[in-house]
1. Would you check which residues across segment 1-22 are hydrophobic (A, V, I, L, M, F, W, C) and closer than 14 Å to Ile70 by Cα and list them?
2. Only strands (runs of 3 or more DSSP E) wholly contained in segment 59-124 count here; list those with 3 or more residues that are surrounded by 18 or more Cβ atoms within 10 Å (Cβ to Cβ) and of a type in the set (Gly, Ala, Ser).
3. Hey, could you check segment 3-17 for residues that are assigned to a strand (DSSP E or B) and more than 12 Å from the chain's Cα centre (by Cα) and say which is surrounded by the most Cβ atoms within 10 Å (Cβ to Cβ)?
4. Can you pull out the residues in segment 18-28 that are under 12 Å from Thr118 (Cα atoms) and either more than 16 Å from the chain's Cα centre (by Cα) or open to solvent by less than 60 Å² (accessible area, probe 1.4 Å) (or both)?
5. With respect to Gln39, is the statement that it is surrounded by 13 or more Cβ atoms within 10 Å (Cβ to Cβ) and within 10 Å of the chain's Cα centre (by Cα) true?
6. Can you tell me which residue in segment 42-56 is surrounded by the fewest Cβ atoms within 10 Å (Cβ to Cβ), limited to those that are closer than 18 Å to Gln82 by Cβ and touching a helix residue (DSSP H, G or I) at 6+ places or on another chain (Cβ under 7 Å)?
Amino acid sequence: QVQLVESGGGLVQAGGSLRLSCAASGRTFSTYAMGWFRQAPGKEREFVAAISWNGGNTYYADSVKGRFTISRDNAVNSVYLQMPSLKPEDTAVYYCAADWNPNVIVTTTRPRYWGQGTQVTVSS
């Protein structure tokens, strides 16, 4: 069982930056691939970024590739999403997710574990 708690969301102006954090419980954190999803009002939840269990592989949605950076620190059971150059279209609730298989995170919206989400609002 893994419990995920996101933090770091907030209100920022366009062009600003935020860093989301996801703290995970459990001794098996380092065995999971981790990811971030987002869901804007009236839209479906979508994949944003993922990272393999050891950080050796990262994956990004085209909409954030080259702009957002996902990272993890297995020593403190945490995964991060650095979001510079934010745009109003990045406004959404951001969710942390975990699954043993990174492909489940990258290609589906059915990772095994989810956090409760953190709101990111980017004003124009």
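1. Leu18, Leu20, Cys22
2. Working: elements: 69-73, 78-83, 92-99, 118-123.
Filter on segment 59-124 gives 92-99.
3. Out of the qualifying residues, it is Val12.
4. Matches in segment 18-28: Leu18, Leu20, Ser21, Cys22.
5. On the way: surrounded by 13 or more Cβ atoms within 10 Å (Cβ to Cβ): yes; within 10 Å of the chain's Cα centre (by Cα): no.
The answer is no for Gln39.
6. Out of the qualifying residues, it is Ser52.
The values are calculated or read from the model by the stated rules, or taken from the named source; none is laboratory data. Here the structure is a predicted model, which means the values were calculated and not measured. Note: ideal-geometry Cβ built from the backbone for every residue, glycine included; neighbour counts use all protein chains shown. Just the protein is used for accessible areas: all its heavy atoms, side chains included, with ligands, DNA and RNA removed. Shrake-Rupley method; radii C 1.70, N 1.55, O 1.52, S 1.80 Å.
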